[in-house]
Amino acid sequence: MPQPFTIDIPDSEVRDLKRRLAQTRWPSEVADSGWQYGSNLGYVQELCEYWRTEFDWAAQQTRLNRMPQFTTRVSTDGVADYTVHFVLQEGVGPNPLPLVFTHGWPGSFFEVSKILEPLTDPGAHGGDPADAFTVVAPSLPGYGFSQIPSSGGFGHMRAARMWVALMSELGFERYGAQGGDIGARVSALTAYEDPEHCIGAQINMPNSPVPADHPEEAWSDEERAIIARMRDWQANEAAYQWIQGTRPQTLSYGLTDSPAGLAAWITEKWRSWSDCDGDIETRFSKDEILTNISIYWFTRTMNSATRYYYERRQHDRANALPGPLKTPAGFSVFPKEIFGPPRHWVEAEYNVRQWSVHDRGGHFAAMEEPELLVGDIREFFRPLR
């Protein structure tokens, strides 16, 4: 049975955070290296000083609590009940469609904040009330205010099956799924696992490989360029995947103990993966960056969050689509996304009903380009209602 939930971080935790920030031992840096070696020292110092002296967690907590939040116990795969935290905002319209929104890494349920009101009350945001959704935005197991699993195996598939159980408990007979990053795979798996009730998956991170029946000698110049880009990304940007996919526990000691270390780890990704041309604050304010980081900090969940990479690396087949998804799927394609496969690769895995290509935006679509993403979600689900 869902129970109302309110975020309430003790003042002692905030004081401890500020004490740790004040006592940070800063590393050296190669002169004039910018972000070449990783997170820039000057920017991380600036961000952490703001976190210590100006960032108002109490105000941000109040803003977060304006989103109606709940917790409930769900079980799946014979595993004992786990507590799941979620936002549940009722739609305003003649027949709101339930929609489960799944965030990614290194994000949180905070990602839904800019699209929540336009999705649930389109009439108040220049849209048609007939496009209203009732939005469910859970925190993935081991993220934010959801329970931290004490056993292995909590990867993409387990999360999807928990969402199926959650939507059933909430009494939704028909619903849609939406997400990017980890949320993209979880949304697709939710649709795959529950075809009787999940009517479609709208995804803002297409990530399909080259189809098995499409040999290299048949690749076009465009496809070769895409593969070259992906190989370059793997060689120069994917170090986090290796450590999180092999030794997340070792990494966790520093990221759980040092707020500066946590800020550097997350901020680098928000900068690198967004459409910001190297200036992160053209896309996200310091308050937005630090609200997301603070959720990780206060809940001590960076360790359990990074384990998703371990589960996928060690058990990829168990967390992959078991076969082509027959349920309708829609895709929002943003130019600064990590990976951009062509449509026909994606069509080998999905029943593609929507393919919206945009001229701006990156990996964090709900935070970067909320209006574009909301438009795509409305468009995709309109004929499926």
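Can you find a residue in the range 178-189 that is more than 25 Å from residue 69 (Cβ to Cβ), open to solvent by 10 Å² or more (accessible area, probe 1.4 Å) and small (Gly, Ala, Ser)? Lay out the reasoning, then the answer.
Just the residues of the range 178-189 that are more than 25 Å from residue 69 (Cβ to Cβ), to begin with: 188.
This time we only want the ones that are open to solvent by 10 Å² or more (accessible area, probe 1.4 Å), so: none.
So far as the range 178-189 goes, no, none of its residues is more than 25 Å from residue 69 (Cβ to Cβ), open to solvent by 10 Å² or more (accessible area, probe 1.4 Å) and small (Gly, Ala, Ser).
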(message) Conditions first: (1) closer than 30 Å to residue 278 by Cα; (2) of a type in the set (D, E, K, R); (3) more than 17 Å from the chain's Cα centre (by Cα); (4) buried (at least 16 other Cβ atoms within 10 Å of the Cβ). Residue 360 passes all but one, so which condition is the exception?
(response) (4)
(request) Would you confirm whether any residue within the range 337-344 is of a type in the set (Val, Ile, Thr), open to solvent by less than 30 Å² (accessible area, probe 1.4 Å), part of a loop (DSSP other than H, G, I, E, B) and over 30 Å from residue 150 (Cα atoms)? (result) yes
(message) Pairs please, first residue from the range 368-379 and at pLDDT 95 or above, second anywhere and among the hydroxyl-bearing types (Ser, Thr, Tyr), Cβ atoms under 7 Å, 6+ apart in sequence or on different chains.
(response) 368/274; 373/332; 376/332; 376/356
(request) For the range 188-206, name all the residues that are more than 15 Å from residue 322 (Cα to Cα), assigned to a loop (DSSP other than H, G, I, E, B) and either over 15 Å from the mean Cα position of the chain (by Cα) or not aliphatic (A, V, I, L, M) (or both). (result) 196, 197, 204, 206
(message) Of the conditions (1) open to solvent by less than 10 Å² (accessible area, probe 1.4 Å); (2) touching a helix residue (DSSP H, G or I) at 6+ places or on another chain (Cβ under 6 Å), residue 136 satisfies every one except a single condition; which number is it?
(response) (2)
(request) Would you check if there is a residue in the range 303-312 being open to solvent by less than 10 Å² (accessible area, probe 1.4 Å) and polar (S, T, N, Q)? (result) yes
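Looking for whichever is open to solvent by less than 70 Å² (accessible area, probe 1.4 Å) and either hydrophobic (A, V, I, L, M, F, W, C) or over 19 Å from the mean Cα position of the chain (by Cα) (or both) here; the options are 330, 323. Which one fits?
Going through 330, 323 in turn, just one is open to solvent by less than 70 Å² (accessible area, probe 1.4 Å) and either hydrophobic (A, V, I, L, M, F, W, C) or over 19 Å from the mean Cα position of the chain (by Cα) (or both): 323.
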(message) Given the options 256, 299, 291, name the one that is open to solvent by less than 10 Å² (accessible area, probe 1.4 Å), modelled with pLDDT of 95 or more, hydroxyl-bearing (Ser, Thr, Tyr) and closer than 24 Å to residue 53 by Cβ.
(response) 291
(message) Scan the range 98-105 and tell me whether some residue there is surrounded by 11 or more Cβ atoms within 10 Å (Cβ to Cβ), part of a loop (DSSP other than H, G, I, E, B) and over 23 Å from the mean Cα position of the chain (by Cα).
(response) no
(message) What pairs come out if I take residues in the range 102-124 that are under 22 Å from residue 201 (Cβ atoms) and pair them with residues that are modelled with pLDDT under 95 whose C-beta lies under 6 Å away, six or more apart or interchain?
(response) none
(message) If residue 212 satisfies all but one of (1) open to solvent by 60 Å² or more (accessible area, probe 1.4 Å); (2) of a type in the set (Gly, Ala, Ser); (3) part of a helix (DSSP H, G or I), what's the number of the condition it fails?
(response) (3)
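The values are calculated or read from the model by the stated rules, or taken from the named source; none is laboratory data. Computed from a predicted structure; not experimentally measured. Note that we place each Cβ from the backbone using ideal geometry, even for glycine, and neighbour counts take in every protein chain shown. Note: areas computed on protein heavy atoms with side chains; ligands, DNA, RNA excluded. Shrake-Rupley method; radii C 1.70, N 1.55, O 1.52, S 1.80 Å.
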